[in-house]
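Just below is one structure, and these are the notes that go with it.
The values are calculated or read from the model by the stated rules, or taken from the named source; none is laboratory data. The structure presented is a predicted model; accordingly, all values stated were derived computationally and were not measured. Here the Cβ positions follow ideal geometry from the backbone for every residue, glycine too, while neighbour counts run over all protein chains shown.
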Amino acid sequence: MPLGKIEPGAVVQALLDAHPDAIFSSLFGPDLARFVREGQLRGLFKDRPVFNLLGGEPEYLDPLKDEAPVGWFVTGYPWYAIDTPEHQRFRDAYQKKFNDYPRLGSVVGYSAVKTAAAALQRAGSTDTDKLVAAMQDLRVDTPFGAVTYRALDHQSTMGAYVGRIGVHDGKGVMVDWRYADGKDYLPPDDVVRRLRPAD
Amino acid sequence: MSAASLAVQLLNGLASASSLFVVSAGLTLIFGVTRIVNFAHGSLYMIGAYVAYSAGTALGAYADSPLAFWWAALLAAVAVGCIGALIERLLLRRLYAAPELLQLTATFGVVLVVRDATLALFGAEDRLGPRVEGLDGAVRLFGSAIPQYDLFLLVVGPVVLIALTVLMQRTRFGLIVRAASENRILAGALGIDERRLFTVVFALGAFLAGLTGALTLPREPANLGMDLAVIADAFVVTVLGGLGSIPGAFVAAIIIGITKALCIAAGNVTIAGATIAMPKITLVIEFIVMALVLLVRPSGLFGTPPAPPATTTVPLERALIARPTQRHVLAAVVLLAFAALLPLAGDAYALVLSIDILIAALFTASLRLISGFGGITSFGHAAYFGIGAYASALAAAHHYPFVAALVLAPAAASVAALAFGALCVRLSGIYLAMLTLAFAQIVWSIALQWDAVTGGSNGIAGVWPPDAIASRTHFYYFVLCIVAMGLSALVVIAFTPFGYALRGSRDSPLRALASGIDVRARRIKALALAGGFAGLAGSLYAYSKGGVAPDALAIPRSVDALVMMLLGGQNALFGPLLGAAAFTWLQDALARATEYWRAGVGVVILLIVSVFPLGIGGIATHWLPRLVRGWR
């Protein structure tokens with residue numbers, strides 16, 4: 001589907017016609033809201049598991065309010081329930097500064113800037129080659145815990161919160177969630193080497 | 001696909017078509033009378049949705065009334081109508097005599113201001129309105145559940161069509177509107193107050209936009225992307241139906257709505273061994289349909305061909321640029337010397353910014369060749385910039401030598417421009433402008449969706465210049481050389497016989513034809529040349545950024561080029577350079593200073609078109625000497 005331009009009625013109908021056993025998608029933003037509303041009206045989600053990446057991020061979950069689709073499997077950010085010390089510090093500081101709760105975008109943006117700072121510090125210079133070297137296996141503390149930028153494929157090991165959608169006090173929340181650490185789910189080294197042959 | 005599910009998909013298409021028609025009817029109504037293509041129509045639609053959300057929430061909480069939504073929708077439509085009247089009075093009223101390029105750009109300025117005003121007032125979060133009481137369920141039809149609200153929408157379109165038809169055909173107001181659409185001057189001579197009529201018509205068009213925005217709320221959340229998302233569709237519908245024709249908009253909306261729904265229903269289709277993912281095509285199908293129709297019927301389905309352009313007085317903005325004098329050459333040499341010394345200042349960021357400015361200047365100058373000198377309003381010049389950027393990036397990714405990759409860019413862009421020019425040479429004015437937009441959108445969606453070749457939304461990375469010019473300073477000198485040569489070439493072209501013939505064809509196509517000038521051939525040649533220079537700029541861009549992504553050929557880049565051209569002054573020799581420098585610097589400074597930089601750019605656009613239509617260059621060549629003379 002084209003991003004941001006989903007025709008909800010037609011898409012939901014086409015899915016119904018295909019009689020899928022389950023639905024896997026990564027809709028977000030206005031597309032997600034349209035899809036949820038149209039799908040619930042047309043009975044698409046009845047007795048059918050839905051896996052929607054990003055659906056639990058407050059950015060996209062909160063606008064749905066009490067219409068949040070209960071039971072969907074999603075990745076997201078249950079900011080209200082994560083009580084690791086590093087996250088609590090981040091959340092308290094964020095709420096104090098902005099008088100609002102953090103979204104996943106806040107965590108990602110914060111961690112990206114922290115990464116840039118850590119890389120610059122380690123390189124001690126803005127020279128490209130030194131920065132590239134500094135990024136190899138760089139360790140950065142983020143609100144989700146320490147992550148590493150793997151030298152092998154330049155991917156960070158930042159993980160995701162995976163859970164299901166529930167509704168609490170008229171608001172969509174994530175329930176039964178757990179943190180899936182990226183280091184356990186990134187492709188193993190030999191697969192990466194096969195996918196990215198050295199030039 | 002069974003007959004039943006086909007019927008359901010047709011219903012889906014018609015429901016979408018219905019609201020698409022209502023918003024487009026407002027756009028076409030405004031154009032019919034004022035001859036202004038209102039880019040801000042989508043913004044009015046967006047305001048309608050946000051106002052309806054706020055009013056609905058307030059009313060619903062206050063009275064807990066089942067009618068809250070309907071009152072909120074009405075309130076939103078009326079409020080947007082008033083905002084429309086305000087925009088007409090304060091801004092558009094000054095522009096009725098201006099060239100259409102200025103009008104279009106002005107309404108785009110409104111888009112930017114409204115976007116940031118909405119962000120400031122309502123916040124960044126999407127606002128999903130409550131369901132409408134009484135219409136919140138589904139009905140079983142053809143064995144499927146159909147939302148009741150879709151059936152309601154299905155009725156709205158025809159009702160609005162009938163209401164507008166009665167208004168136009170049976171009332172005195174309609175009589176006046178029709179008279180003014182046909183001949184503005186004569187209507188004025190017969191005592192019709194043109195100014196009041198324009199305000200009322202604009203308010204009515206805005207009312208329809210606001211109403212559609214409000215009625216969309218139960219189906220999709222109010223969000224900040226609504227404005228541009230709907231305006232592209234509404235443009236297609238009005239152009240396809242014939243600008244100014246309300247029944248045309250109705251038919252066109254149905255064609256577009258049903259085509260889209262059928263594309264999604266079709267799924268993957270295999271034709272002659274090649275599998276085409278039909279749902280992916282929905283992004284461009286409307287533009288393809290529009291382009292095909294315009295090729296056969298240059299004025300759309302129900303449109304009347306525009307009156308042949310008469311010999312007009314040349315507006316000040318387009319007065320022939322003066323041949324370069326010794327003073328200009330001297331100024332150019334001083335500028336070049338200054339630019340050559342810049343790296344000595346040792347400010348790395350200034351170099352990065354300067355490279356951006358130089359590339360933007362070449363891009364803008366190439367646009368000026370067709371839009372300024374050729375009189376072809378282009379809303380899709382980014383297509384050639386992007387084709388050049390992608391051509392170089394692809395060549396680099398396949399390990400072609402640097403020079404080959406660099407040369408390939410203007411060649412590819414030029415060929416694309418030639419093909420486009422050959423296809424739409426019959427069109428002119430606003431229809432041609434819309435086709436340039438359609439072409440750019442088609443190229444953009446190919447870049448976005450053909451993952452295997454273009455890398456999809458990730459684009460192509462790892463495009464760097466060879467070692468000899470890899471350092472920032474060396475690359476800067478390289479860009480400076482190429483851009484200086486390109487800008488000089490474009491100035492020289494303007495003063496060749498070809499350049500004169502091109503400008504003559506712009507100002508009086510009839511007289512040019514009578515003098516034996518092949519107007520169409522000149523225009524095609526100008527397109528090919530302009531495309532080539534834009535492609536060269538695109539190639540430099542890809543090498544300066546280390547890669548390319550689809551945003552290189554998205555609508556905002558086309559608009560940026562237009563703004564830079566106007567900001568610098570269309571008839572000033574150094575206009576593109578001045579415009580690119582001022583705009584790039586301004587955008588950079590604003591983006592660092594405030595979250596609301598779009599509104600800042602929008603205000604600058606509005607100031608240029610309403611107060612300084614001659615741009616910076618025009619101030620220097622036109623107003624300054626006058627001031628000096630007056631002072632003496």
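In the stretch B:450-468, which residues are in a loop (DSSP other than H, G, I, E, B) and among the hydrophobic types (A, V, I, L, M, F, W, C)? Don't jump to the end; show me each part of the working.
Step one: filter the stretch B:450-468 for residues in a loop (DSSP other than H, G, I, E, B), giving B:450, B:455, B:459, B:462-466.
Of everything in the stretch B:450-468, those that are in a loop (DSSP other than H, G, I, E, B) and among the hydrophobic types (A, V, I, L, M, F, W, C) turn out to be B:Trp450, B:Val463, B:Trp464.
The condition (being touching a helix residue (DSSP H, G or I) at 6+ places or on another chain (Cβ under 7 Å), under 29 Å from B:Ala393 (Cα atoms) and of a type outside the set (Phe, Trp, Tyr)) is satisfied by just one residue among B:Gly547, B:Gly504: B:Gly547.
So, B:Ser54, is that one in contact with a Lys or Arg (Cβ under 9 Å, 6 or more places away or on another chain), under 15 Å from B:Leu215 (Cα atoms) and assigned to a helix (DSSP H, G or I) or not? For B:Ser54, the condition - in contact with a Lys or Arg (Cβ under 9 Å, 6 or more places away or on another chain), under 15 Å from B:Leu215 (Cα atoms) and assigned to a helix (DSSP H, G or I) - is met. Residue count for the stretch B:86-100 satisfying the condition of being in a helix (DSSP H, G or I) and either surrounded by 19 or more Cβ atoms within 10 Å (Cβ to Cβ) or aromatic (Phe, Trp, Tyr) (or both): 4.
Looking at the stretch B:461-475 only, could you name the residues that are within 25 Å of B:His399 (Cβ to Cβ) and touching a residue at least 40 places away in the same chain (Cβ under 8 Å)?
As a first pass, look at the stretch B:461-475 and keep what is within 25 Å of B:His399 (Cβ to Cβ): B:461-472, B:474-475.
Result: B:Ala461, B:Gly462, B:Val463, B:Trp464, B:Pro465, B:Pro466, B:Arg472, B:Phe475.
Please work out which residue is farthest from B:Ser54 (Cα to Cα), limiting yourself to the stretch B:195-221 and to residues that are out of contact with any Phe, Trp or Tyr (no Cβ under 9 Å at 6 or more places or on another chain) and not hydrophobic (A, V, I, L, M, F, W, C). Applying the filter and picking the extreme gives B:Arg195. When B:Ala68 is tested against (1) more than 26 Å from the chain's Cα centre (by Cα); (2) within 14 Å of another protein chain (Cβ to nearest Cβ), exactly one condition is not met: (2).
Would you confirm, using the coordinates I've provided, whether A:Val12 is β-branched (Val, Ile, Thr), away from chain B (no Cβ under 14 Å) and either assigned to a strand (DSSP E or B) or touching a residue at least 12 places away in the same chain (Cβ under 8 Å) (or both)? No, not satisfied. For the stretch B:200-237, the candidate set comprises residues that are under 25 Å from B:Pro556 (Cα atoms) and assigned to a loop (DSSP other than H, G, I, E, B); within that set, the residue that is farthest from the other protein chains (Cβ to nearest Cβ) is B:Leu224.
Of all residues in the stretch B:178-217 being more than 23 Å from B:Gly42 (Cα to Cα) and of a type in the set (Val, Ile, Thr), which is modelled with the lowest pLDDT? In this case the residue turns out to be B:Ile185.
Among the residues making up the stretch B:561-595, a single one is touching a residue at least 60 places away in the same chain (Cβ under 8 Å), surrounded by 18 or more Cβ atoms within 10 Å (Cβ to Cβ) and more than 24 Å from B:Ala332 (Cβ to Cβ): B:Leu562.
Each row is one residue, and each column tells you yes or no for (1) among the aliphatic types (A, V, I, L, M); (2) within 11 Å of chain B (Cβ to nearest Cβ); (3) in contact with a Pro (Cβ under 9 Å, 6 or more places away or on another chain).
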position: A:Pro8; (1), (2), (3): no, yes, no
position: A:Ala18; (1), (2), (3): yes, yes, no
position: A:Ala22; (1), (2), (3): yes, no, yes
position: A:Ser25; (1), (2), (3): no, no, no
position: A:Lys46; (1), (2), (3): no, yes, no
position: A:Gly56; (1), (2), (3): no, no, yes
position: A:Glu59; (1), (2), (3): no, yes, no
position: A:Pro63; (1), (2), (3): no, yes, yes
position: A:Asp66; (1), (2), (3): no, yes, no
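For the subset of the stretch B:115-151 comprising residues that are in contact with a Gly (Cβ under 7 Å, 6 or more places away or on another chain) and part of a helix (DSSP H, G or I), which member is nearest to the other protein chains (Cβ to nearest Cβ)?
B:Asp150
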